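Have a look at the structure below, then the notes.
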Amino acid sequence: MTETFYEVMRRQGITRRSFLKYCSLTAAALGLGPSFAPKIAHAMETKPRIPVLWLHGMECTCCSESFIRSAHPLAKDVILSMVSLDYDDTLMAAAGHQAEAIITETIEKYDGNYILAVEGNPSYNQEGMSCIIAGKPFHEQLTHVAKHCKIIISWGSCASYGCVQAASPNPTGATPVHKVIHDKPIIKVPGCPPIAEVMTAVIAYMVTFERLPELDRQGRPKMFYSQRIHDKCYRRPHFDAGQFVESWDDEAARKGYCLYKVGCKGPTTYNACSTIRWNEGTSFPIQAGHGCIGCSEDGFWDKGSWYARLTDIKQFGIESNADKVGGTAAAVVGAATAAHMAATAINRASKKENSV
């Protein structure tokens, strides 16, 4: 029987008070109210840790790099206490035949009851020779492990959509996970890479509630991908006021104006970057002065220059706003000023007439 999360924490010397504080922080990271902290605590106390097999296909390991930097909860608490990370060729100590034997052992012991986490994607051209794991094409390992899993998490844009490997002309035949596996529930956590706390929170949610979080039409968790970056961006007031950066390092850029006109894809990108941010909430690309490149959206590599305005996106009214809102705002202010001056003049004339 696998230990529960709470049993592992107690064995490590964690106090009950610290455990409850951890549950409260986890609830906050999930966007849940304080009332959910006891439910998370109950789950951590009673449910055994879920085995996880984390496979790596064609990718750059940026998802793992992001994951291990999570602060709430800490990545070490997730992989050492919350779940049982049985296989991850990047993080595990075992290698070679020992490492591959763990996959067989986990499948036999937890058939149908483990999570398959996939970072990267398989290749199908040249008989899959672009990505070889343990002497075989990665797509063979992926389909074998997926056949026996309970749920699949597609980490990052590579596993979710294909990313740069699947960009035109896609010589390797790179294919996202959902186009390979059709008979298992899949949760997509896109981004290049995804935000660390989003990754750990998704695992915490599934461990606590034993189900997938509510997903959007593309299979992404709504708690993190239901709003555009534009909707909560701190530069949004500048967009509404018609104040834009026109070229890099101009005066508007120094003042922190909206980056839409130099290519920011925030108005069409769904992610939590502008709310959760990165490095324990320190910053995100737009705050650092670079527009969003839309890395959590399908096919972002094939949508033209990252520095080009999205002139073909009409449904949001972005182009109209970007070009006209400034002029409209100026006209409104001018009209209001003129009306105020006229009213003041009339008022003074009326007072003068009454005094006579």
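Just so it is clear, none of the values below were taken in a lab; they were calculated from the coordinates. Keep in mind that what you see is a predicted model, and the values were worked out from it rather than measured. Neighbour counts run over all protein chains shown; Cβ positions are idealised from the backbone, glycine included.
Descriptive notes on the structure:
- Computed from point charges on the beta carbon alone (+1 for Lys and Arg, -1 for Asp and Glu), the dipole magnitude for the range 102-226 about its Cα centre is near 280 Debye.
- Loop-exposed trypsin sites (Lys or Arg not before Pro) per DSSP, neighbour cap 13 Cβ within 10 angstrom, longest uninterrupted part of the chain: 1-210
- Each Lys and Arg contributes +1 and each Asp and Glu -1, all at the Cβ; summed about the Cα centre of the range 5-224, the dipole is approximately 840 debye.
- Dipole of the range 5-224, positive end: most advanced residue of 53, 158, 15 [Cβ charges, Cα centre]: 15
- Three-way shape call for the range 119-172 based on the alpha-carbon gyration tensor, with the a/c threshold at 1.5: oblate
- By the Cβ rule of 4.7 Å, the chain holds the following cysteines without a possible disulfide partner: 23, 60, 62, 63, 131, 149, 233, 258, 264, 273, 292.
- Cα-based shape type of the range 77-163, given that a ≥ b ≥ c are square roots of the gyration tensor eigenvalues and the cut on a/c is 1.5: prolate
- Bridge type composition, the chain - antiparallel percent by DSSP, nearest 5: 30 percent
- Screening the chain for DSSP H helices whose Cα atoms reach 18 Å or more along their own axis and whose mean Kyte hydropathy is at least 0.5 gives 196-209.
- Gyration tensor verdict on the range 33-81 (Cα atoms; rounded if a/c is under 1.5, prolate if a/b is larger than b/c, oblate otherwise): prolate
- Amide H partners (placed H, <5 Å) of residue 216, local residues excluded: 222
- Net charge of Cβ neighbours under 14 Å - reference residue 3; Lys, Arg +1; Asp, Glu -1: 0
- From the coordinates shown, Cα extents along the principal axes in Å corresponds to which of (1) 63, 52, 38; (2) 102, 55, 34; (3) 78, 45, 34: (2)
- For the chain, the 222 nm mean residue ellipticity estimated from helices alone, with every DSSP H stretch of n ≥ 4 adding -39500 (n - 2.57) and the total spread over all residues, rounds to -11500 deg cm²/dmol.
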